[in-house]
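Participant: Could you have a look at this structure, given as structure tokens, before my questions?
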Amino acid sequence: MAASAFFPGMDRRSIRHSIRTHLNHIVGYADILRQESLDRGEGELGEAYASIREAALEIREASLAYFADPEGTGPFPPDKAGLERRIYGALYDIIALIQAAKRKFGSRPALPFLPDTEKILEAANEIIEIIETSLSSPSAFVEEEGYATASGKASPEGRALGTAELAPPSRCGSILIVDDDESNREILARHLERQGHRVARAQDGIEGLAMLRKDSFDILILDVMMPGMNGYQLLETVKADEGLKDVQVIVVSALDDTKGIARCIELGAEDYLPREFEPVILRARIESCLERRSLLRRQALYLAAVRKTARLLDEGLAEGAEYVRGLLPPRIADKGLKTDWAFIPSRALGGDIFSYHPLGDRRLAIFLLDVSGHGIGAALYSVTLMNIIRGQALVGADFGDPASVLRRLNEAFQMESQNNLYFTAWYGVWDEKTRELAWSSAGGPPAVLLLPGGGVERLATEGMAIGFDPQADYRNDRQVLPPGSRLYLFSDGIYEVTTRDGSMLGLDAFIGLLAAATRDEDPPPLRALAGMVRGLSLTGTFADDVSLVEAILG
């Protein structure tokens with residue numbers, strides 16, 4: 001036979017591997033034919049194939065013991081004649097049983113059994129040739145660590161193809177077998193198909209990769225030693241591919257070295273099985289892989305749902321920010337009053353809001369509120385408060401008296417009745433006729449007054465944040481301002497910024513930055529000023545909403 005050309009010069013390990021290959025083919029096909037005979041009601045025929053399987057297992061014990069020297073250097077057993085009788089007796093029993101099985105076909109429709117029966121016969125003859133060549137030419141052994149095969153690799157089933165019937169699997173999947181040995185592919189595929197799985201086959205790594213990218217598979221059963229793209233390379237390629245990385249990989253190989261097993265696991269294989277294993281073990285590993293595959297799919301669906309929800313939330317927050325922005329007052333560019341503002345909502349959307357509006361008699365109300373917390377609830381609460389103040393809809397409040405406004409807000413909006421939300425506030429009234437600014441504050445940062453001569457003043461009163469204590473009191477403070485004074489209101493998001501050195505920017509540093517920026521004859525607009533602060537941030541973003549209001553009092 002053609003394979004005999006490989007025998008001279010083979011090391012003992014390679015011969016052991018070749019014998020095991022053909023024995024596993026005999027065991028595998030015999031078990032398949034036994035099961036198919038029973039399915040067709042051919043009990044006598046099934047017994048013949050079961051006997052063939054048992055004879056093959058008898059050969060394995062005798063022949064593999066002969067070549068079992070792990071170093072490949074030990075002497076041959078002295079009782080060569082006894083060894084030959086035992087091995088040849090079992091081989092000829094197999095051939096006789098094959099002929100008996102063929103006779104049992106008779107005129108019945110048993111043609112489907114014939115091709116596989118011939119494969120058993122071919123494997124038996126291959127073993128005879130290997131044994132004859134090695135026993136007659138012991139000097140032909142090459143004691144090397146190299147590893148080669150004569151005519152293929154062992155069946156993925158090995159002795160695993162036991163006579164016990166396997167119960168149907170709890171779930172069925174789509175499985176791709178990649179192995180360069182046709183018999184290996186066929187035996188394993190037929191057993192998996194009998195369990196209800198959809199099975200495809202590829203003869204090498206290149207073909208297997210193409211099939212993986214064309215079709216959807218749950219599990220890849222992979223041989224290691226293949227020409228061209230070997231199993232290691234295919235495994236590495238699959239796990240590096242974003243579209244394939246979740247395919248569960250079971251490596252089935254005759255390699256028995258721990259380094260090869262470790263390499264497969266390191267490359268991402270879910271499991272590793274030797275050629276010889278019980279079919280119930282393979283079934284259990286496949287079901288485990290299918291369960292993991294199902295979990296990965298459910299996880300992917302969950303993550304997709306989370307991403308969709310996050311996207312919808314982001315869109316909702318963006319729409320909410322645009323809604324708030326649309327409620328903000330227009331900028332003023334009059335001779336006696338100029339205003340500018342910057343509103344930069346964070347990703348979470350907070351409760352900042354500000355506005356200014358005329359009160360009559362050349363007076364202007366200006367305020368900034370910051371509701372605790374983030375999200376739609378805080379934003380809607382702040383908008384409600386702004387509309388109440390701007391519409392002067394707070395019963396009992398004198399909107400020309402800042403302390404009166406804060407006092408009535410505190411009485412009307414206690415946190416127990418507002419989902420535990422509270423807010424800070426700064427409210428002022430500018431009288432253009434008298435050039436007097438009156439203000440009152442309830443927690444939060446002070447307003448900053450930059451005087452034309454370079455002075456910097458912080459405008460705040462000792463008022464408690466609104467919503468904690470219904471009996472809290474608020475007072476006014478007043479100051480006459482020279483022409484050219486600049487008033488700044490801002491939320492704490494503009495200065496509660498972690499800088500690149502890990503420290504907090506803080507209120508003092510921000511006020512210093514603000515004063516320095518406005519000393520120029522042509523100071524930057526507020527949005528540019530906010531950009532300067534953001535440039536100092538460790539992340540390049542603001543963690544909270546930023547509101548910044550400027551009023552230049554001419």
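Participant: Within region 486-508, which residues are of a type outside the set (Phe, Trp, Tyr), under 13 Å from ALA447 (Cα atoms) and part of a strand (DSSP E or B)?
Facilitator: Residues satisfying the conditions are ARG486, LEU487, LEU489.
Residues are listed down the side, and each one gets a yes or a no for (1) over 30 Å from GLY351 (Cβ atoms); (2) acidic (Asp, Glu); (3) modelled with pLDDT under 75:
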{"site": "GLU236", "(1), (2), (3)": "yes, yes, no"}
{"site": "ALA240", "(1), (2), (3)": "yes, no, no"}
{"site": "VAL251", "(1), (2), (3)": "yes, no, no"}
{"site": "ALA262", "(1), (2), (3)": "yes, no, no"}
{"site": "ALA269", "(1), (2), (3)": "yes, no, no"}
{"site": "ARG275", "(1), (2), (3)": "yes, no, yes"}
{"site": "ARG285", "(1), (2), (3)": "yes, no, no"}
{"site": "GLN299", "(1), (2), (3)": "yes, no, no"}
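Participant: Would you be able to tell me the number of residues in region 92-109 that are hydrophobic (A, V, I, L, M, F, W, C) and either closer than 15 Å to TYR29 by Cα or at pLDDT 75 or above (or both)?
Facilitator: If we filter region 92-109 for residues that are hydrophobic (A, V, I, L, M, F, W, C), which is where we start, we get 94-98, 100-101, 105.
Subsequent filtering for residues that are either closer than 15 Å to TYR29 by Cα or at pLDDT 75 or above (or both) retains 94-95, 97-98, 101.
Number of matching residues: 5.
Participant: Among the candidates ALA517, ALA472, ALA442, which residue alone is assigned by TED's automatic domain parsing to the domain that holds SER382 and touching a Pro at 6+ places or on another chain (Cβ under 7 Å)?
Facilitator: ALA517
Participant: Further, regarding this structure: Against the definition (buried (at least 21 other Cβ atoms within 10 Å of the Cβ), assigned by TED's automatic domain parsing to the domain that holds ALA123, modelled with pLDDT of 55 or more and more than 46 Å from the chain's Cα centre (by Cα)), how does TYR49 come out, yes or no? Steps first, answer last, please.
Facilitator: Numbers: buried (at least 21 other Cβ atoms within 10 Å of the Cβ): yes; assigned by TED's automatic domain parsing to the domain that holds ALA123: yes; modelled with pLDDT of 55 or more: yes; more than 46 Å from the chain's Cα centre (by Cα): yes.
When the stated conditions are applied, TYR49 passes them.
Participant: Shifting gears a bit: Is it the case, given these coordinates, that PRO329 is more than 21 Å from PHE542 (Cβ to Cβ), surrounded by fewer than 16 Cβ atoms within 10 Å (Cβ to Cβ) and touching a residue at least 12 places away in the same chain (Cβ under 8 Å)?
Facilitator: Details: more than 21 Å from PHE542 (Cβ to Cβ): yes; surrounded by fewer than 16 Cβ atoms within 10 Å (Cβ to Cβ): yes; touching a residue at least 12 places away in the same chain (Cβ under 8 Å): yes.
So PRO329 fits the description; yes.
Participant: Hey, can you tell me all the residues within region 511-532 that are among the hydrophobic types (A, V, I, L, M, F, W, C) and touching a strand residue (DSSP E or B) at 6+ places or on another chain (Cβ under 8 Å)?
Facilitator: Here is the first cut: in region 511-532, the residues among the hydrophobic types (A, V, I, L, M, F, W, C) are 511, 513-517, 526, 528-530, 532.
Once the filter is applied, which keeps residues that are among the hydrophobic types (A, V, I, L, M, F, W, C) and touching a strand residue (DSSP E or B) at 6+ places or on another chain (Cβ under 8 Å), region 511-532 yields ILE511, LEU514, ALA515, LEU526, LEU529, ALA530.
Participant: Against the definition (part of a helix (DSSP H, G or I), at pLDDT 90 or above and out of contact with any helix residue (DSSP H, G or I) (no Cβ under 9 Å at 6 or more places or on another chain)), how does ILE511 come out, yes or no?
Facilitator: On the way: part of a helix (DSSP H, G or I): yes; at pLDDT 90 or above: yes; out of contact with any helix residue (DSSP H, G or I) (no Cβ under 9 Å at 6 or more places or on another chain): yes.
The answer is yes for ILE511.
Participant: If we scan region 519-531, do we find a residue that is closer than 25 Å to ALA465 by Cα, in a helix (DSSP H, G or I) and either among the small types (Gly, Ala, Ser) or touching a residue at least 60 places away in the same chain (Cβ under 8 Å) (or both)? It would help to see each step written out before you state the result.
Facilitator: The first filter runs over region 519-531 and keeps only residues closer than 25 Å to ALA465 by Cα, leaving none.
Checking region 519-531: not a single residue is closer than 25 Å to ALA465 by Cα, in a helix (DSSP H, G or I) and either among the small types (Gly, Ala, Ser) or touching a residue at least 60 places away in the same chain (Cβ under 8 Å) (or both).
Participant: Specify which of the listed residues (ARG500, ARG534, ARG486) is charged (D, E, K, R), more than 30 Å from ARG408 (Cβ to Cβ) and surrounded by 14 or more Cβ atoms within 10 Å (Cβ to Cβ).
Facilitator: Numbers: ARG500 fails: surrounded by 14 or more Cβ atoms within 10 Å (Cβ to Cβ); ARG486 fails: more than 30 Å from ARG408 (Cβ to Cβ).
ARG534 is the lone residue from the list that is charged (D, E, K, R), more than 30 Å from ARG408 (Cβ to Cβ) and surrounded by 14 or more Cβ atoms within 10 Å (Cβ to Cβ).
The values are calculated or read from the model by the stated rules, or taken from the named source; none is laboratory data. This structure is a prediction, so every number in the text was calculated from the model and none was measured. Ideal geometry is used to build each Cβ from the backbone, glycine not excepted, and the neighbour counts take in all protein chains shown.
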